[in-house]
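Shown next, in structure tokens, is the structure this report addresses.
The values are calculated or read from the model by the stated rules, or taken from the named source; none is laboratory data. Bear in mind the structure is a predicted one, so any value in this text is a computation, not a measurement. Cβ sites come from the backbone with ideal geometry, for glycine too, and all protein chains shown count toward neighbours. Surface accessibility is based on the protein's heavy atoms, side chains included, excluding ligands, DNA and RNA. Shrake-Rupley method; radii C 1.70, N 1.55, O 1.52, S 1.80 Å.
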Amino acid sequence: MPPFTRLTIPDLLLEEVIEHARSEAPNECCGLLAGHIEDGVGVMTARFTVANDLHSSTRYETNARDLFTAFRAMRKDNLELLAIYHSHPTSEPVPSLRDVEQNTYGETVVHLIVSLAGAKPEVRAWWLTEVGYREAEWSAV
Ligand SMILES: [Zn+2]
């Protein structure tokens with residue numbers, strides 16, 4: 001069972017995520033979104049940039065040192081990891097086979113994907129399961 005049923009993200013954080021995706025293009029960017037859980041809703045309040053060790057336009061690997069720094073900051077501020085985000089510079093915001101295969105978080109966090117393939121950035125959120133994915137409910141606030 002996922003620890004929350006839907007997510008909220010402040011407009012400002014969402015803009016930061018999209019801006020991060022744009023600044024890393026043509027490579028994929030990645031990062032973490034944290035906050036707290038309130039009545040089954042994951043309320044995102046903080047973003048952590050994580051380097052993509054692969055410097056690739058089609059895949060990403062989160063930098064271990066950046067993850068360590070982010071998790072330490074979350075512990076200090078009593079924040080929970082709610083979502084991992086990354087970008088798809090030239091494809092739709094749907095998990096790739098590799099995204100599903102490399103998911104080490106199970107269904108404890110949502111995966112937010114920003115696509116820069118269209119005229120406007122498109123963001124979708126997903127629960128990754130062992131065999132595939134299903135769309136996660138989220139809203140900008
Ligand atoms: Zn992906």
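Brief remarks on what is shown
- Set of the range 72-95 residues, backbone N closer than 16 Å to the point 7 Å along the Cα-Cβ line of His36: 74-82
- Separation in nanometres of the label points that stand 7 Å from Cα toward Cβ, at Arg6 and Val100: 2.6 nm
- Under 5 Å, built H, 5+ apart or other chain: amide partners of Ala117: Ser91, Glu122
- When the chain is treated as a GNM with alpha-carbon contacts under 10 Å, the residue of Ala119, Ala25, Ala73 showing the greatest mean-square fluctuation is Ala119.
- Ratio of Rg to Rh over the range 6-140 (Cα coordinates, Kirkwood Rh, two decimals): 0.93
- Gain on full stretching of the segment that runs from Glu15 to Thr108 - 0.36 nm per residue minus C-alpha separation: 31.1 nm
- Among Ser96, Ser115, Ser23, the largest mean-square fluctuation in a Gaussian network model of the chain (Cα springs under 10 Å) belongs to Ser23.
- Taken per residue, the accessible surface of the chain reaches 53 Å², heavy atoms only and a 1.4 Å probe.
- Most fluctuating residue given options Thr58, Thr69, Thr49, as computed from a GNM of the chain linking Cα atoms under 10 Å: Thr69
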